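The block underneath contains the structure these notes are about, expressed in structure tokens.
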Amino acid sequence: MFTADQNLVKKINQKTVLNQILANSPISRARLSEITGLNKSTVSSQVSTLIEKNLIFEIGQGQSSGGRKPVLLVFNKNAGYSIGIDIGVDNIIGILTDLEGNIVVDQFEEFENPSPKQTQDLLLAMVRKLIEQMPESPYGLVGIGVCVPGLVNNEEKIIFTPNLKWDDKVDLKELITAEFNVPVFIENEANAGAYGEKVFGSAKNYENLIYVSVGTGIGIGIIMNDTLYRGVNGFAGEMGHITIDLNGQKCSCGNRGCWELYASEKALMKSFPEKYKHASVKEIISLANQNDPEILMELQNFGYYLGIGLTSILNTFNPEAIIIRNDIAEALPMVLNSIRNSISSRIYHQLDNSYELLLSTLGQNAPALGASSITIEHFLEGFTA
Ligand SMILES: [Zn+2]
């Protein structure tokens, strides 16, 4: 017969109680006992431990149908802070969040063709600045999550970044850990974005979803049964490199005619007439809002090409939702309509009505928030694992 180790049971109970407080805060001890099925004295002792650890605290009094009003328990979101960094192709976003993922400080820096060394220096400087502005708290900085637009293996080593020209000699995890001495997590940008949307954004209510990051390239984050799917090596989701034109242009990945050569934001910006060559994304959005016919035509094509790859994604994964992360698509409803039309013209009608096509609600902060939440989750697991 299996006899569970008492310590293990305690830890499992603590995890159950903490998870319920996280999900249902503010909550009474009596309600916790009802939800978890643990008896009142077990709940009380776990609650005392969590209060001692500064992870939860008591607040005033809740509604009661009569008799003594119960004291309510709240998760202490300010028990510590987490940092999420998103290294893009031409910018870095850094955020400091509380333990509920609320952004306390944010930083944004643009750059052009930086060397890996320059990017790393900028990253370290940004983390230092965020730490300087971090409020006092019992646990201080609980970790740093960093995401990059490239392949990250299961050992969190960056293997390939087609648009950043890094090579596998950069051990970002080691570099950051050495300087700040907190847990560090490296993740692929689309995976982090998917995670961010799942925890805080438009994917909250879906268990099976595909997050599509459309920028310089296209990356997807796959969440199946509420879990991020990484593949055997961690490289799943490189759908930007599915072939949509056999004899198409050569791609930096070694293939030809990759989807991202036609449907990325970079491809869209290249498609505009000469006079708009130096226009910014903001200017393009404004021109579209003024009904510039040349811009509208290319935006229509953008949606069309996105729809082609998304049709393959729908055929492969049959997800509940597809979430698009792109500044232009988020600003202009016509892009989403073009995507929908393109998919509808190509897909089984049974599948056409099976999914929600959504925009990212976290916008450009999605990957940094995802990276931060990976760190927070690890921190909280540490109390209960
Ligand atoms: Zn490619």
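Descriptive notes on the structure:
- Number of the exception - residue 327 against (1) farther than 29 Å from residue 156 by Cβ; (2) away from the ligand (no atom under 16 Å from the Cβ); (3) crowded, with 17+ Cβ neighbours inside 10 Å; (4) in contact (Cβ under 8 Å) with a residue 24 or more places away in the chain: (1)
- Odd one out for residue 106 among (1) in a strand (DSSP E or B); (2) over 23 Å from residue 213 (Cβ atoms): (2)
Residue by residue, here is whether (1) under 30 Å from residue 143 (Cα atoms); (2) crowded, with 17+ Cβ neighbours inside 10 Å holds:
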| site | (1), (2) |
| --- | --- |
| 268 | no, yes |
| 284 | no, yes |
| 294 | no, no |
| 311 | no, yes |
| 315 | no, no |
| 368 | yes, yes |
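- One residue stands out among those in the stretch 158-193 that are among the charged types (D, E, K, R) and farther than 16 Å from residue 85 by Cα: the one that is modelled with the highest pLDDT, which is 165.
- Taking the criterion of being of a type in the set (A, V, I, L, M, F, W, C), under 17 Å from the mean Cα position of the chain (by Cα) and part of a loop (DSSP other than H, G, I, E, B), the residues of the stretch 221-242 that qualify are 235, 236.
- Cβ-Cβ under 7 Å pairs, at least 6 apart or on other chains, the stretch 247-266 side more than 24 Å from residue 279 (Cβ to Cβ) and assigned to a loop (DSSP other than H, G, I, E, B), far side of a type in the set (S, T, N, Q) and within 10 Å of the ligand (Cβ to nearest atom): 255/243; 257/243; 257/249
- Any hit, the stretch 9-16, residues being farther than 24 Å from residue 373 by Cα, modelled with pLDDT under 95, out of contact with any strand residue (DSSP E or B) (no Cβ under 7 Å at 6 or more places or on another chain) and not in a loop (DSSP other than H, G, I, E, B): yes
- The set of residues from the stretch 234-261 being in contact with a helix residue (DSSP H, G or I) (Cβ under 7 Å, 6 or more places away or on another chain) and more than 11 Å from the ligand (Cβ to nearest atom) comprises just one member, 237.
- Residue 107 being modelled with pLDDT of 90 or more, farther than 22 Å from residue 381 by Cα, buried (at least 16 other Cβ atoms within 10 Å of the Cβ) and not basic (Lys, Arg): yes
- The condition (being without any contact (Cβ under 8 Å) to a residue 24 or more places away in the chain and among the polar types (S, T, N, Q)) is satisfied by just one residue among 154, 163, 113, 188: 113.
The values are calculated or read from the model by the stated rules, or taken from the named source; none is laboratory data. Remember, predicted model here, so these are calculated numbers, not experimental data. A quick note on method: Cβ atoms are made from the backbone with ideal geometry, for glycine too, and the neighbour counts reach across all protein chains shown.
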